[in-house]
Amino acid sequence: MSLTWVSASGGSVPSGAVAVGVETTGEALYAARVNIPGEGLQLGKVRPEFKGAWIPYGGSENFYKDYEVLTNATVFPYGYSWPGPIGNSWDAEIGKINVPTEHTRKGYAPPWFWNGAVYALSSNNPGASSPGNQLREYHAIKCGEEQDGTPLFAALATYPTNSSGLVPGKANPSLGGANVGYGGAEIAGITPATVLCDVSTGFVNGSPSGVPANSSNYGLDDDGAPLYIARSTGQFPGLQLGKVRADGWGGNGCLISYGGKEVACTSYQVMFDPAFETPDPASAPYSNNFFPTGNWVAGNNGSIPDGALVLGCEGDGTPMFAAQSLHGAVGNGVHLGKIRHGFAGASIPHGGNEVWVTEYMVLCAS
């Protein structure tokens, strides 16, 4: 079962709802969202005493009797992460999922911050952070979107400042922090703030000699060889997503679609899953459930499904998501690439070209 939003009304809170915030008076607050005509799928807060949900947008805090509530968030490893630069080190622990009272002072940075650099806590140096370490990361989960399709992420921020209140709201890179509703107004750009993330995977530094142990096989090359999710480090702006084989295509590294071409990249990372076991491609016919881990959700014509994981970014910080071609739509295999807001489809590296497909799958929280 994946992250779930359940319909509710009149202040009711469904069974399994996650109390992510708290009023200054101590009452629990829950993450809510409403699909608002002309405004998109906006995020906010609810508790029974409200008799509905309060959603911040357009400078105001707006009331809705009918809404959805975040539930079942504990069915996958999850936590909250800083949505912005906070310095080169901070107090956090590998594998620890922070309780709500610690959200505003602990966590990791999702990869769509720091202008493309990935900062995560070093497993062998708990007191410092550095880019590109081989460990789990927090990956922001798409929970809503603006009317134009810009992804929104479920956020928490302390408000009023220096109070005990932890208010659910929304964030994306362009907001510069979290936006929450309070006292009838939309309070914009609050920092520090936190973003709901999946922490079930990470990235490992790759090399031409092969892919690291526990790498996640989420694709198949034209000849049936497993393909792994890869992302560039340093050769292109940001963290561009692509694919790699265990043999690194004879030492060329991973392949990234960029600027209309399929480009080899020798400085890259490979996505891994500590619980992953590589399947034998010959053991079963292909289906959308062939790959044993991950939740691949269908998208089309540039859409990004609910729950999509931020695994990379453009140089300006625009979130990027992993895409998978449908079987046989690109060559004879199941190829891996990228999608982000503003694309008309998924970008797949294949045959020396950047191939665009309008029907695809996107990796989501599972």
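On inspection, residue 185 does not qualify as under 19 Å from residue 20 (Cα atoms), in the same structural domain as residue 143 (by TED's automatic domain parsing) and not β-branched (Val, Ile, Thr).
Just checking, does the range 177-189 include any residue being of a type in the set (Asp, Glu), at pLDDT 80 or above and touching a Ser or Thr at 6+ places or on another chain (Cβ under 7 Å)? Within the range 177-189 (the criterion being of a type in the set (Asp, Glu), at pLDDT 80 or above and touching a Ser or Thr at 6+ places or on another chain (Cβ under 7 Å)), the answer is yes, since at least one residue qualifies. Each residue in the range 24-49 was checked for being outside any strand (DSSP E or B) and either modelled with pLDDT under 90 or polar (S, T, N, Q) (or both), and 3 pass.
Summed over the range 315-326, the residues that are within 22 Å of residue 176 (Cβ to Cβ) and in a loop (DSSP other than H, G, I, E, B) give a count of 4.
Residues that are closer than 20 Å to residue 205 by Cβ and either at pLDDT 85 or above or touching a Gly at 6+ places or on another chain (Cβ under 8 Å) (or both) within the range 246-257 comprise 246, 247, 248, 253, 254, 255, 256, listed in sequence order. Considered as a group, the residues in the range 278-300 that are among the hydrophobic types (A, V, I, L, M, F, W, C) and out of contact with any Gly (no Cβ under 9 Å at 6 or more places or on another chain) include one that is modelled with the highest pLDDT, and that residue is 298. Kindly establish whether residue 303 is among the hydroxyl-bearing types (Ser, Thr, Tyr), surrounded by 15 or more Cβ atoms within 10 Å (Cβ to Cβ) and modelled with pLDDT of 95 or more. Yes: the conditions hold for residue 303.
The set of residues in the range 42-71 being polar (S, T, N, Q) and more than 14 Å from residue 31 (Cα to Cα) consists of 60, 62. Screening 328, 317, 342 for residues that are farther than 22 Å from residue 253 by Cβ and free of Cβ contacts under 8 Å to residues at least 12 places away in the same chain leaves exactly one candidate, 328. Could you tell me which of the residues 196, 121, 152, 135 is of a type in the set (A, V, I, L, M) and either surrounded by fewer than 17 Cβ atoms within 10 Å (Cβ to Cβ) or modelled with pLDDT of 80 or more (or both)? Sole residue among the options that is of a type in the set (A, V, I, L, M) and either surrounded by fewer than 17 Cβ atoms within 10 Å (Cβ to Cβ) or modelled with pLDDT of 80 or more (or both): 152. Restricting attention to the range 230-253, the residues that are of a type in the set (Ser, Thr, Tyr) and either surrounded by fewer than 24 Cβ atoms within 10 Å (Cβ to Cβ) or not assigned by TED's automatic domain parsing to the domain that holds residue 336 (or both) total 1. Scanning the range 62-75 for residues that are modelled with pLDDT under 95, of a type outside the set (S, T, N, Q) and surrounded by fewer than 17 Cβ atoms within 10 Å (Cβ to Cβ) yields a count of 1.
Applying the criterion of at least 2 residues that are within 14 Å of residue 222 (Cβ to Cβ) and under 23 Å from the mean Cα position of the chain (by Cα) to the strands (runs of 3 or more DSSP E) found wholly in the range 327-366 leaves 346-350.
The values are calculated or read from the model by the stated rules, or taken from the named source; none is laboratory data. Bear in mind the structure is a predicted one, so any value in this text is a computation, not a measurement. Cβ coordinates were reconstructed from backbone atoms using ideal geometry, including for glycine residues, and neighbour counts include every protein chain displayed.
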